[in-house]
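Report on the structure given below.
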Amino acid sequence: MTSKRYERLARIRRLDPERDATQIYRLMVAYEFPWDVTRALELALYRTYAVPSIGRLLAETAELTARSQKRYDDTALLLDAVVEFGFGSDEGRTAIRRINGMHRSYAIADDDMRYVLSTFVVMPKRWIDTYGWRRLSQHETLATVAHYRTLGRHMGIPDIPATYAEFEHCLDSYEAAHFAWDARSREVSDATLALMASWYPAPLAPLLRTGVLALLDDHLLSAFRYEAPPALT
């Protein structure tokens, strides 16, 4: 049983992390860590709201306050289409055109775009290394970087980090410089917490909200002015 559990990892290690990046990433997110990656990407997007320029834009468009579930579903479907079918497929190209069309409607700084891309690379690795059934392999890390560098190029993002360490530095330094309190960002955060709680029976909502807050680091809690949950939580 133990050897079978690692069969897919052995398959991943036989692939090239640059040439076969999206194939490796697909195996990682769809089979090795489906639940973990989904949770990590939810929190990756969530933490970007603490950058006021991002949080205010989302509040002004009402994408994550009045239409939380639709925006969540749209984002997941578009990103999943690229992973499932590849960048060169009709489905992948259509998804990227749709992503770019959505972003062209607003004045979004390149720095903000680069930071959001960094969260997609860094947060799943940090989550999996902490909570996953095994740590992320070097092959999977390299493939994740290559996959999102390709996505970033298709989105026209300049100066994309070249390595995982550079993505990590981009994320950490940007958050240190830009995380700050903003009332509109807090509106988006509250709406997202309510959305996450709505996926489960209503009586569990307060517990789920507290549980999500327990997963947030102090810097993020401070930016949204949430009180840290008790240590036991």
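Cβ-Cβ contacts under 7 Å between residues 6 or more apart (or on different chains), taken from a first residue in the range 111-134 that is open to solvent by 10 Å² or more (accessible area, probe 1.4 Å) to a second residue that is of a type in the set (Asp, Glu), are listed as ARG114/ASP159; TRP127/ASP36; TYR131/ASP36; GLY132/ASP36.
Considering LEU216, LEU232, LEU208, LEU193, which residue is assigned to a loop (DSSP other than H, G, I, E, B), open to solvent by less than 80 Å² (accessible area, probe 1.4 Å) and not charged (D, E, K, R)?
Details: LEU232 fails: open to solvent by less than 80 Å² (accessible area, probe 1.4 Å); LEU208 fails: assigned to a loop (DSSP other than H, G, I, E, B); LEU193 fails: assigned to a loop (DSSP other than H, G, I, E, B).
None of the other options fit; the residue is LEU216.
If only residues of the range 22-36 that are among the hydrophobic types (A, V, I, L, M, F, W, C) and open to solvent by less than 20 Å² (accessible area, probe 1.4 Å) are counted, the one that is farthest from ALA81 (Cα to Cα) is PHE33.
Is it true that ARG56 is open to solvent by 20 Å² or more (accessible area, probe 1.4 Å), at pLDDT below 95 and in contact with a helix residue (DSSP H, G or I) (Cβ under 7 Å, 6 or more places away or on another chain)? Working first, answer last.
Details: open to solvent by 20 Å² or more (accessible area, probe 1.4 Å): yes; at pLDDT below 95: yes; in contact with a helix residue (DSSP H, G or I) (Cβ under 7 Å, 6 or more places away or on another chain): yes.
So ARG56 passes the test.
Restricting attention to the range 162-184, the residues that are farther than 17 Å from MET113 by Cα and among the small types (Gly, Ala, Ser) add up to 3. Among the residues of the range 153-167, those identified as of a type outside the set (Ser, Thr, Tyr) and open to solvent by 50 Å² or more (accessible area, probe 1.4 Å) are ARG153, HIS154, GLY156, ASP159, ALA162, ALA165, GLU166.
In contact (Cβ under 8 Å) with a residue 24 or more places away in the chain, touching a helix residue (DSSP H, G or I) at 6+ places or on another chain (Cβ under 6 Å) and farther than 26 Å from ALA59 by Cβ: is that true of ALA81 in this structure? It would help to see each step written out before you state the result.
Details: in contact (Cβ under 8 Å) with a residue 24 or more places away in the chain: no; touching a helix residue (DSSP H, G or I) at 6+ places or on another chain (Cβ under 6 Å): yes; farther than 26 Å from ALA59 by Cβ: yes.
Here the answer is no, as ALA81 does not meet what is asked.
Against the condition modelled with pLDDT of 95 or more and either touching a His at 6+ places or on another chain (Cβ under 7 Å) or in a helix (DSSP H, G or I) (or both), how does ALA44 come out, does it pass? No; evaluated as a whole, the condition is false for this residue.
The values are calculated or read from the model by the stated rules, or taken from the named source; none is laboratory data. The structure displayed is predicted, hence computed values, not measured ones. In this analysis, Cβ positions are derived from the backbone assuming ideal geometry, glycine residues included, and neighbour counts consider all displayed protein chains. Side chains included, ligands, DNA and RNA excluded: accessible areas come from the protein's heavy atoms. Shrake-Rupley method; radii C 1.70, N 1.55, O 1.52, S 1.80 Å.
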